[in-house]
């Protein structure tokens, strides 16, 4: 079994109404995003960044967890729900950053 993929996406979205709309889209993502007829995103957490100079203008943070890198690739390239999200985000964001990783620390029980 491949390690889970943790994906962090940061957006610079100045308008609060647009931030709220993107949060609503992400809220639906775990159910709306399907692969082979089934939801495939393990979890999504998202929220507005707290005011802090280290935020560098990023206003919204999202953490998505996938069971594999192949699932994340599907999300990027073929997922209709993610395509809808990207269409909206492109119209309102002034910058985006994404990184992904496999957890290298032991999980606590």
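Just so it is clear, none of the values below were taken in a lab; they were calculated from the coordinates. None of these values were measured; they are calculated from a predicted model. Counting neighbours? That spans all protein chains shown, and the Cβs are built from the backbone with ideal geometry, glycine included.
So here's what we get for this one:
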quantity	calculated
Region 71-89, subset closer than 17 Å to residue 4 by Cα and in contact (Cβ under 8 Å) with a residue 12 or more places away in the chain, residue surrounded by the fewest Cβ atoms within 10 Å (Cβ to Cβ)	74
Whichever residue in region 34-51 is surrounded by fewer than 13 Cβ atoms within 10 Å (Cβ to Cβ) and outside any loop (DSSP other than H, G, I, E, B) and, among such residues, is nearest to the chain's Cα centre (by Cα)	45
Test: residue in region 52-71 that is closer than 26 Å to residue 103 by Cβ, under 15 Å from the mean Cα position of the chain (by Cα) and in a helix (DSSP H, G or I)	yes
Considering residues of region 1-19 that are farther than 14 Å from residue 95 by Cα and out of contact with any strand residue (DSSP E or B) (no Cβ under 9 Å at 6 or more places or on another chain) only, the residue surrounded by the fewest Cβ atoms within 10 Å (Cβ to Cβ)	1
Which listed residue, of 32, 86, is out of contact with any helix residue (DSSP H, G or I) (no Cβ under 8 Å at 6 or more places or on another chain) and over 30 Å from residue 105 (Cα atoms)	86
Boolean, residue 23 is free of Cβ contacts under 8 Å to residues at least 40 places away in the same chain, in a strand (DSSP E or B) and under 12 Å from the mean Cα position of the chain (by Cα)	no
